[in-house]
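To keep things clear, I will list the structure first and then write my remarks on it.
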Amino acid sequence: MNTDTTKLLRECNAGIKMGIDTIESVLERVENQDFYAILKTCKDEHIKLEAETGALLQEFGEESKEPNPLAKGMSYMKTNVKTVLEPGDKTVADLVTDGCHMGVKSLERYLNEYKNAEQRVKSIAEKLIKIEKNLADDIAAYL
């Protein structure tokens, strides 16, 4: 284990938590049942990955990392303001798509920054990138 491994793992864990928080904050606002099911399935995938990354962090003797409080607060405010001003699935899809794109961008940057991370942790980051890209693609019809 090296520091790149733990740093990448902590960033993945924080990003996963941010994704879960985002999905939870919009689920109650979704009208279309198919759209709701897509988001719920993705949330469940994130919860499994959070458990996996949390277990690895424990194995490495590290603590999990919480999402940046400022980013979390800004996301919460943006979600609430936009969904009040423009309620509906289109707004939710737009917010979630933006979150997916930001998550992918961050994860790709962390993969580049922590090049010496163990492959199993890089694989988790790559899996998370794939989940985020797939979610953005799956909800494009609701934009």
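With the requirement that a residue be small (Gly, Ala, Ser) and at pLDDT 95 or above, what does segment 20-44 give you? Steps first, answer last, please.
First pass over segment 20-44, keeping only residues small (Gly, Ala, Ser): 25, 37.
Result: ALA37, single match.
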- Would you be able to say whether some residue in segment 129-140 is part of a loop (DSSP other than H, G, I, E, B), in contact with a Leu (Cβ under 9 Å, 6 or more places away or on another chain) and either closer than 19 Å to GLU28 by Cα or open to solvent by less than 20 Å² (accessible area, probe 1.4 Å) (or both)? yes
- Which of the residues that make up segment 67-94 are within 30 Å of THR6 (Cα to Cα) and surrounded by 13 or more Cβ atoms within 10 Å (Cβ to Cβ)? PRO67, ALA71, LYS72, SER75, TYR76
- Taking segment 3-29 on its own, how many of its residues are closer than 12 Å to LEU57 by Cα and assigned to a loop (DSSP other than H, G, I, E, B)? 0
- Item | Which numbered condition GLU62 misses (of (1) under 14 Å from ALA14 (Cα atoms); (2) modelled with pLDDT of 95 or more) | (2)
- Evaluate segment 30-41: report whether one residue or more is surrounded by fewer than 18 Cβ atoms within 10 Å (Cβ to Cβ), assigned to a helix (DSSP H, G or I) and among the basic types (Lys, Arg). yes
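Tell me which residues, restricted to segment 52-66, are of a type in the set (A, V, I, L, M) and either under 16 Å from THR3 (Cα atoms) or surrounded by 11 or more Cβ atoms within 10 Å (Cβ to Cβ) (or both).
Looking only at segment 52-66, we keep the residues that are of a type in the set (A, V, I, L, M), and these are 55-57.
Once the filter is applied, which keeps residues that are of a type in the set (A, V, I, L, M) and either under 16 Å from THR3 (Cα atoms) or surrounded by 11 or more Cβ atoms within 10 Å (Cβ to Cβ) (or both), segment 52-66 yields LEU56, LEU57.
Right, LYS82: basic (Lys, Arg), part of a helix (DSSP H, G or I) and within 17 Å of the chain's Cα centre (by Cα) or not? Don't jump to the end; show me each part of the working.
Numbers: basic (Lys, Arg): yes; part of a helix (DSSP H, G or I): yes; within 17 Å of the chain's Cα centre (by Cα): no.
Spelling it out, it is not the case that LYS82 is basic (Lys, Arg), part of a helix (DSSP H, G or I) and within 17 Å of the chain's Cα centre (by Cα).
The values are calculated or read from the model by the stated rules, or taken from the named source; none is laboratory data. Predicted, not measured: the structure shown is a model, and the values here were computed from it. Heads up, the Cβs are rebuilt from the backbone with ideal geometry, glycines too, and the neighbour counts pull from every protein chain shown. The accessibility values were calculated without ligands, DNA or RNA, using every heavy atom of the protein model including side chains. Shrake-Rupley method; radii C 1.70, N 1.55, O 1.52, S 1.80 Å.
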